[in-house]
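Peer 1: Sharing a structure with you now.
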Amino acid sequence: MPHTSPPALKVVTSNRAETVISTENFSAWFGENCVLSGINSAISKGRITCIVGPSGSGKSTFLRSLNRINDDVAGFRMQGTLSVNGLDLTSDNTDLTRLRSQVGMVFQKPCVFPRSIKENVLFGVRGQKMSRLDKNKLVEDSLRSAALWNEVSTRLDQPATTLSLGQQQRLCIARALAVKPDILLLDEPTASVDPVSARAIEALILMLRNTYTIIMVTHDIRQTRRIADDVLFFCDGSLIENGTSDFMFSKDCTERSRVYLNEEFCDC
Amino acid sequence: MLSRHALDKSLTGLIRVAFYISMALLLGLIFAISFRGISAISLNFLFLPARDFGASGGIFYQIFGSVLMVTIAAVLTLPIALGTAIYSSEYMRSNRKKRVLELTLLSLNGIPSITYGIFGLILFVNVLGTGISWLVGSVILAIMMLPTVTLSTVQSMRSLPVTFRENGFALGFSRAEVIRFIVVPQGLQGLVTGLLLGLARAIGETAPIMFIATAFSGVTVPVSVVEPVSTLPTHILALAQQATNPAALKNAWGASFVLLSIVFLLSLSAFYARTRLKNLNQRL
Amino acid sequence: MAEARFLIRKSYSEKSLTKTYATACALLASAIVIIILSVLLSQSGSAILDSGPSLLGTEWNPARNLYGILPMLYGSIIVMMIAMTLALPIGILSALYISETLSEKRRRVAKTALEILTGIPSIVYGLIGVSVLSLWVADIFGLQTGRIILTAGLLLAVMILPTIISLSEDAISNVSTQYRENAYALGLYRYEVIKDVILPQAKGDVIGAGFLALGRALGETMAVMLVIGSLDRIPSPAYNILASGQTITSKLGREVAESAFGSTHFNVLVLMSLILVVLTLSMTLMAHLIFRTTDAHA
């Protein structure tokens, strides 16, 4: 049964970073089904925030609300306050195109368009007028940031479908980066790829850290331990606890969080 | 050059306009027919025979003829469709051959209705010498319905999970018993749906039957199979050709409304069958 | 032991019965197309021999043994072109509206309504054409009669519209949500997502839908027959769609019943029907072959 977060929980974040995303009493439904209830959170700029929790806890729904990609899912509605980069996302007038130029997303399953590698990278900026020189530079910069340039620089015109899954996922990251967002949302980005590619992607996430604010949903606690700055722990539609990674993995957090983060067990 | 935002607004507006045009045309159609047709309907209209070449009187025998022909057509199609569906779903192993059979049936669907009429005229009325016969009309309609019914049945049989069949075999059923007790009940949903859809189409057909099964006047209930009947679509055709006569026109609208109502009823039943029978089989 | 043999024999003979029945049905179903084509061929063969050269002419006059089928062929093609030019864009755009804009519940209502609308019998369209549409057209263009090529094209456009919308909508909806979400997440506008992601993926099935609609447009008889004006002549100038004309189907509809079986007149009509079948069958088969190819890629 979903319940509201225990109110007096202190939100432990680094004092030096500013908040770019904040929610207050945020709830979401799919039809009659309440999937998130009363979420109060604040996410800091330039840090890697990992969202963890058992299946069905609402983590992906929360992430997907941050760029309003849930809008097209039948029966979705939300309530409360959700502010991203100063934009109020719960109003009907939110400029979604502008929002998504500031907030990029990489999905769990790599989805490359049936085009060349170069065209995939440039897909998000197709509406913008750019000289060929600028375009080529953007492609190279994005692919370098995504740690893919060395592998594909000689075959940019080949179909993106010829890449391996791990490479495709990095291509999706490059594509998202090309739009030059401030915030990156990653929905279990390493879940569909092999362990070697997963490590490569983790390494590149760490490289992206200060330039971008990264929010990542993951099932992998060890991955969280390796790369997270801050952790949000969801269970059954509620935000149970959040704090810096040091805090959450120490003995100072609540029993429930400790049990989940160490033994991956949650009795919801 | 327009900005991206302006282009987006334009296209969104364009598809909305297109949709409204479509809906206006199609719903306007229904409305026009109903509006003109209802005024011609009365109990007399439905139950009396036609007079003055249809300009007055009713359409009783036309309704009768239509119902008779499509009922017999359904009776003729059903066993063949079921058998073909069983063969395709249970006895054919090669995917390529299944595809060929499917394409053959789809070709039948692609033949224009007037060609069916000409085919019937040549083969039955003349070469086999049956003359104008309502039964021949039913046979032609049955052939036209065959692809729809067969493919619908095959689809519902294919939706049966493989484990059902395997469990049947494990219990010692022969293939024929598996088919009879497990596969066919599953296929019934598709059979009924396909049949209703096929009937909805068949009852509205004019061209296939207009020169092999129907006559315009003096027709009542046939006593033999080698007699013509009168049907709603052919009646409407004859009345439409007297469009300058307002009485005939009025009756044409009335007959159209009745025909359309029957077609809609059959279509709605088909949708009902599609959703409800699916659950029925699970309960069995 | 003996019982086992008895059981085996019993199930074997039962199997044969069902199998024989099913096989016979399948053979019959498969044979029908061939039978139809053969019957048509048998009756039309002599037509070519008897009136060969005149067939390619433009004059149709059985009394003088002239059987030019070009006016009918021309009529069929022109009417089909008018119908497709109108119905295809409106249909595809409407399908985009239904698939990309409407909520799931409304979409289902629209789809059901469309399926029902595809079931309106063609004779009813014919009635509307002859008593309403042709009069409107005559008024608008100030003509003596509204039974012209344009009217037939307009009527046919409305007839094939529900089919085009329904099939195109299926094609467009089948494009997987993944592509849509990834494209929207990049901040693309709806028209860009439609133009660059959805339509390229749906292209195959939409083209298939177009071919099916084409086949239906060519083969439609009752509606066209009542409003085309039945004039066996190519209009002059040829692009004058405000003139009466004749299509293959309208010719057949009007004259098959009246020509004597076995006469050259009849045989030429059967020949025209054969040409029609070949055309529509190719359209239908092409459509279904395209459908399966796009399925294979999915």
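Every number here is computed from the coordinates shown, using simple stated rules; none is lab data. Quick caveat: nothing in here was measured; it's all calculated off a predicted structure. Here the Cβ positions follow ideal geometry from the backbone for every residue, glycine too, while neighbour counts run over all protein chains shown.
Peer 1: Taking Cα pairs under 8 Å and at least six residues apart, what relative contact order does chain A come out at, in percent?
Peer 2: Relative contact order for chain A comes out at 27 percent.
Peer 1: Can you give the alpha-carbon Rg of the protein assembly as shown over 2.2 N^0.38 Å, where N counts its residues? Don't skip to the answer; put the middle values down first.
Peer 2: Numbers: Rg = 33.2 Å, N = 850, 2.2 N^0.38 = 28.5 Å.
For the protein assembly as shown, the normalised Cα radius of gyration comes out at 1.16.
Peer 1: Calculate one ³J(HN,Hα) per residue across region C:76-83 by plugging θ = phi - 60° into the Karplus curve 6.51 cos²θ - 1.76 cosθ + 1.60, and present them in order as whole Hz with x for glycine and proline.
Peer 2: Ordered by residue, 3J(HN,Hα) equals 4, 5, 4, 4, 4, 5, 4, 4 Hz.
Peer 1: Taking neighbour Cβ counts within 10 Å as the exposure measure, how do C:E255, A:E32, B:E166 sort from fewest upward?
Peer 2: Ascending Cβ contact count within 10 Å gives the list A:E32, B:E166, C:E255.
Peer 1: Evaluate the distance, in nm, between pseudo-label points positioned 7 Å from the Cα of B:Q241 and of C:T101 along their respective Cα→Cβ axes.
Peer 2: 4.4 nm
Peer 1: If you take the charge dipole of the protein assembly as shown about its Cα centre, with +1 on Lys and Arg Cβ and -1 on Asp and Glu Cβ, which of A:T162, A:G46, C:N174 is farthest toward its positive end?
Peer 2: The residue sitting most towards the positive pole is A:T162.
Peer 1: What does a probe at C:R292 reach in region C:16-39, counting residues whose amide N is under 15 Å from the point 7 Å along Cα→Cβ?
Peer 2: none
Peer 1: Amide H neighbours of A:R115 under 5 Å, counting only residues 5+ apart in sequence or on other chains, H built in-plane at 1.01 Å?
Peer 2: Hits under the 5 Å cutoff: A:A160, A:T161.
Peer 1: Taking H placed 1.01 Å from N in the peptide plane, check which residues at least 5 places from B:A50 or on another chain put their amide H under 5 Å from its amide H.
Peer 2: Here the answer is B:G58, B:F60, B:Y61, since their amide H atoms fall under 5 Å of that of B:A50.
Peer 1: Please arrange C:V270, B:V67, B:V223 by how many other C-beta atoms lie within 10 Å of their C-beta, fewest to most.
Peer 2: B:V223, B:V67, C:V270
Peer 1: Sorting check: for A:47-57, C:198-208, B:122-132, which peptide has the highest mean count of neighbouring beta carbons within 10 Å, and how do the rest follow? All intermediate terms of the calculation are to be shown ahead of the outcome.
Peer 2: Values: A:47-57: 21.8, C:198-208: 19.5, B:122-132: 16.6.
Answer by packing, highest mean first, reads A:47-57, C:198-208, B:122-132.
Peer 1: How well do other chains shield peptide C:196-207, expressed as the mean number of their Cβ atoms within 10 Å of each residue Cβ?
Peer 2: Details: counts 5, 4, 0, 0, 3, 2, 0, 0, 0, 0, 0, 0.
Per-residue shielding by partner chains comes out at 1.
Peer 1: Moving on. Student exercise: in chain A, how many lysine pairs 8 or more apart or on different chains have Cα atoms under 21 Å apart?
Peer 2: Final tally of qualifying lysine pairs is 15.
Peer 1: Okay, next question. Pop out the ³J(HN,Hα) list for region A:252-266 in order, Karplus 6.51 cos²θ - 1.76 cosθ + 1.60 with θ = phi - 60°, rounded to Hz; leave Gly and Pro as x.
Peer 2: These are the phi-based 3J(HN,Hα) values: 7, 7, 5, 3, 4, 5, 4, 4, 5, 6, 9, 10, 6, 10, 9 Hz.
Peer 1: Given +1 on the Cβ of Lys and Arg, -1 on the Cβ of Asp and Glu, and no further charges, what dipole in debye does chain B carry about its Cα centre, rounded to the nearest 20?
Peer 2: 980 debye
Peer 1: When the helices in chain C are scored as -39500 (n - 2.57) per DSSP H run of 4 or longer and the sum is shared across all residues, what 222 nm value do you end up with, to the nearest 500 deg cm²/dmol?
Peer 2: On the way: 12 runs with 221 residues, N = 298.
Estimated from H runs of four or more residues: -25000 deg cm²/dmol.
Peer 1: If I model a spin label at C:K203 and C:L17 as a point 7 Å from the Cα along the Cα→Cβ vector, what separation in nanometres do I get?
Peer 2: Taking the two extended label points, one gets 5.6 nm.
Peer 1: For C:E59 and B:L128, what is the calculated FRET efficiency with R₀ set at 30 Å and r taken between the beta-carbons, to the nearest 0.05?
Peer 2: About 0.30, to the nearest 0.05.
Peer 1: Report the calculated FRET efficiency for A:S55 and C:V132 (r = Cβ-Cβ distance, R0 = 51 Å), to the nearest 0.05.
Peer 2: 0.25
Peer 1: For a paramagnetic label modelled at 7 Å from the Cα of A:N25 toward its Cβ, which residues of region A:43-86 fall within the zone defined by backbone nitrogen distances under 16 Å?
Peer 2: Within reach of a label on A:N25: A:78-83.
Peer 1: Let me ask something else about it. Counting only residues 5 or more places away or on other chains, whose amide H sits under 5 Å from the amide H of A:D230 once H atoms are built in the peptide plane?
Peer 2: Under 5 Å from the amide H of A:D230: A:I48, A:T49, A:C50, A:S245.
Peer 1: Follow-up. When only alpha-carbon atoms count, how far does region A:19-263 stretch along each of its three principal axes, as whole angstroms with the largest first?
Peer 2: In descending order, the Cα extents are 53, 41, 29 Å.
Peer 1: Moving to a separate point now. With the contact rule set at Cα under 8 Å and sequence spacing of 6 or more, what percent relative contact order holds for chain B?
Peer 2: 26 percent
Peer 1: OK, next. Please give the Cα centre distance for region C:100-149 versus region A:90-131, rounded to the nearest Å.
Peer 2: 41 Å
Peer 1: Enumerate the calculated ³J(HN,Hα) couplings along region A:192-199 in order (Karplus 6.51 cos²θ - 1.76 cosθ + 1.60, θ = phi - 60°), each rounded to whole Hz, writing x wherever the residue is Gly or Pro.
Peer 2: Going residue by residue, I get 9, 10, 6, x, 5, 4, 4, 4 Hz, with x marking Gly and Pro.
Peer 1: Using only the alpha-carbon atoms, how far is helix A:165-178 inclined from the longest principal axis of chain A? Give it as 0 to 90 degrees, nearest 10.
Peer 2: Here the helix axis deviates by roughly 90 degrees.
Peer 1: Moving to a separate point now. May I ask you to derive the FRET efficiency for B:I30 and A:D134 from their Cβ-Cβ distance with R0 = 45 Å, giving the value to the nearest 0.05?
Peer 2: Rounded to the nearest 0.05, the efficiency is 0.20.
Peer 1: Evaluate the charge dipole of region A:19-263 about its Cα centre and quote only its size in Debye, nearest 20, assuming +1 on the Cβ of each Lys and Arg and -1 on the Cβ of each Asp and Glu. Show your work: numbers first, answer last.
Peer 2: Values: 29 positive and 27 negative charges, 189 e Å.
Charge dipole, region A:19-263, about its Cα centre: 900 debye, nearest 20.
Peer 1: Moving on to the next point. Run the dipole for the protein assembly as shown about the Cα centre, Lys and Arg Cβ at +1, Asp and Glu Cβ at -1, nothing else charged, and hand back the magnitude in debye, nearest 20. It would help to have the intermediate numbers written out before the result.
Peer 2: On the way: 72 positive and 57 negative charges, 157 e Å.
Around 760 debye, computed over the protein assembly as shown.
Peer 1: Would you mind ranking B:I114, A:I21 by Cβ crowding within 10 Å, fewest neighbours first?
Peer 2: In order of increasing Cβ crowding within 10 Å: A:I21, B:I114.
Peer 1: Please report the spacing between the Cα centers of region A:28-73 and region A:195-268 in Å, no decimals.
Peer 2: 15 Å
Peer 1: Would you mind giving the three semi-axes, in whole Å and largest first, of the ellipsoid equivalent to chain B according to its Cα gyration tensor?
Peer 2: After diagonalising the Cα gyration tensor, the semi-axes are 37, 31, 18 Å.
Peer 1: Now for a separate question. Which distance in nm do the two modelled labels at C:I77 and A:V73 give, with both placed 7 Å along the Cα-to-Cβ direction?
Peer 2: 5.4 nm
Peer 1: For chain C, evaluate the Debye formula with one uniform point scatterer on each Cα (no solvent term) and list log10 I(q)/I(0) at q = 0.08, 0.11 Å⁻¹, rounded to two decimals.
Peer 2: Normalising to I(0) and taking log10 leaves -0.50, -0.81.
Peer 1: Over region C:175-283, one equal point on each Cα, no solvent: what is log10 I(q)/I(0) by the Debye formula at q = 0.10, 0.16 Å⁻¹?
Peer 2: Those come out to -0.52, -0.81, one per q.
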